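*Asks:* The structure is given below, and queries will be raised subsequently.
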Amino acid sequence: MKKFLMIAALMVATLSVSAQGFVKPMVGATMATVTGGDDTKMRFGAVFGAEYGYMINDRFGLTAGLLYSMQGSKIEDADDKFTTKLDYLNVPVLANVYVAPGLALKAGAQIGFLVNAKQDDIDLKDFCNKVDFSIPLGASYEISNFVIDARYNLGLSKVLKKEIIDKSNHNSVFMLTLGYKLNF
């Protein structure tokens, strides 16, 4: 048992020495829509927040973040024009694989908590699911601690409750951000 504890302690110490942590405040833009509508158009919004990252080695790292994301969609048909605003507090957890110096490919899981749901001046919160699960996929490039990050969030959860609509209605979000990496 003592040998096992000694080996585990050495492994943790080795990991700690080679690992590097960072915080990355970030701000950017979203292009979002809700799938399933015939006349659905993209809604442009903002995203801001921060991510904490942990480099396990030179090629692999993990990040977890807290991002406020303006999502939703616009509908424009011959009769109507309206905007559905769905704002979420998203918590992405991503694996980052560095394929070249500064260039990372990323994938993971994200949970989003609905903060605001309006269609023009009508409150839609009672008609929407409060939690949204998605798969973020993307890439980032770092230049002198500035990080350009592009992601696509593939929605897995239905936006509207099943009693409201039985059709496919998932979030589909493109996100482009600029962040600054603060190493520690």
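*Asks:* Any idea how many residues of segment 108-122 are part of a loop (DSSP other than H, G, I, E, B) and open to solvent by less than 30 Å² (accessible area, probe 1.4 Å)? It would help to see each step written out before you state the result.
*Replies:* The initial filter retains those residues of segment 108-122 that are part of a loop (DSSP other than H, G, I, E, B), namely 120-121.
Checking the rest, the ones that are also open to solvent by less than 30 Å² (accessible area, probe 1.4 Å) come to none.
Residues in segment 108-122 being part of a loop (DSSP other than H, G, I, E, B) and open to solvent by less than 30 Å² (accessible area, probe 1.4 Å): 0 in total.
*Asks:* Return yes when Phe127 is open to solvent by 40 Å² or more (accessible area, probe 1.4 Å), among the aromatic types (Phe, Trp, Tyr) and at pLDDT below 95 and no when it is not. Outline the logic, then answer.
*Replies:* Working: open to solvent by 40 Å² or more (accessible area, probe 1.4 Å): yes; among the aromatic types (Phe, Trp, Tyr): yes; at pLDDT below 95: yes.
So Phe127 fits the description; yes.
*Asks:* Go over the candidates Lys85, Lys167, Lys74 one by one and state the one that is exposed (fewer than 12 other Cβ atoms within 10 Å of the Cβ) and either basic (Lys, Arg) or part of a strand (DSSP E or B) (or both). Steps first, please.
*Replies:* Values: Lys85 fails: exposed (fewer than 12 other Cβ atoms within 10 Å of the Cβ); Lys74 fails: exposed (fewer than 12 other Cβ atoms within 10 Å of the Cβ).
Testing whether each residue is exposed (fewer than 12 other Cβ atoms within 10 Å of the Cβ) and either basic (Lys, Arg) or part of a strand (DSSP E or B) (or both) leaves just Lys167.
*Asks:* Could I ask something else about it? Tell me the residue from Tyr180, Tyr98 that is open to solvent by 60 Å² or more (accessible area, probe 1.4 Å), in contact with a Lys or Arg (Cβ under 8 Å, 6 or more places away or on another chain) and modelled with pLDDT of 95 or more, please. Reasoning before the result, please.
*Replies:* Numbers: Tyr98 fails: open to solvent by 60 Å² or more (accessible area, probe 1.4 Å).
The unique qualifying residue is Tyr180.
*Asks:* Another question about this same structure. What's the number of the only condition in (1) open to solvent by less than 80 Å² (accessible area, probe 1.4 Å); (2) in a strand (DSSP E or B) that Leu105 fails to meet?
*Replies:* Going through the list (1) open to solvent by less than 80 Å² (accessible area, probe 1.4 Å); (2) in a strand (DSSP E or B), Leu105 breaks only (1).
*Asks:* Residue by residue through segment 139-164, note down the ones that are closer than 17 Å to Gln71 by Cα, open to solvent by less than 70 Å² (accessible area, probe 1.4 Å) and not in a loop (DSSP other than H, G, I, E, B).
*Replies:* The answer is Ala150, Arg151, Tyr152, Asn153, Gly155, Ser157, Lys158, Leu160.
*Asks:* Another one. Can you tell me which residue in segment 144-184 is nearest to the chain's Cα centre (by Cα), limited to those that are of a type in the set (Ser, Thr, Tyr) and within 25 Å of Leu124 (Cβ to Cβ)? Show your work before the answer.
*Replies:* As a first pass, look at segment 144-184 and keep what is of a type in the set (Ser, Thr, Tyr): 144, 152, 157, 168, 172, 177, 180.
Checking the rest, the ones that are also within 25 Å of Leu124 (Cβ to Cβ) come to 152, 157, 168, 172.
Working: Tyr152: 8, Ser157: 14, Ser168: 21, Ser172: 11 Å.
The extreme case among them is Tyr152.
*Asks:* Right, something else. Checking the condition more than 22 Å from Ser157 (Cβ to Cβ), open to solvent by 70 Å² or more (accessible area, probe 1.4 Å), at pLDDT below 90 and part of a loop (DSSP other than H, G, I, E, B), which residue from Asp58, Asp38, Asp79 passes? Let's see the steps before the verdict.
*Replies:* Working: Asp58 fails: at pLDDT below 90; Asp38 fails: more than 22 Å from Ser157 (Cβ to Cβ).
Criteria check complete, one pass: Asp79.
The values are calculated or read from the model by the stated rules, or taken from the named source; none is laboratory data. All figures in this text were calculated on a predicted structure; none of them were measured in a lab. Please note: Cβ atoms are built from the backbone with ideal geometry, for glycine as well, and neighbour counts cover all protein chains shown. Only protein heavy atoms, including side chains, enter the accessible area calculation; ligands, DNA and RNA are left aside. Shrake-Rupley method; radii C 1.70, N 1.55, O 1.52, S 1.80 Å.
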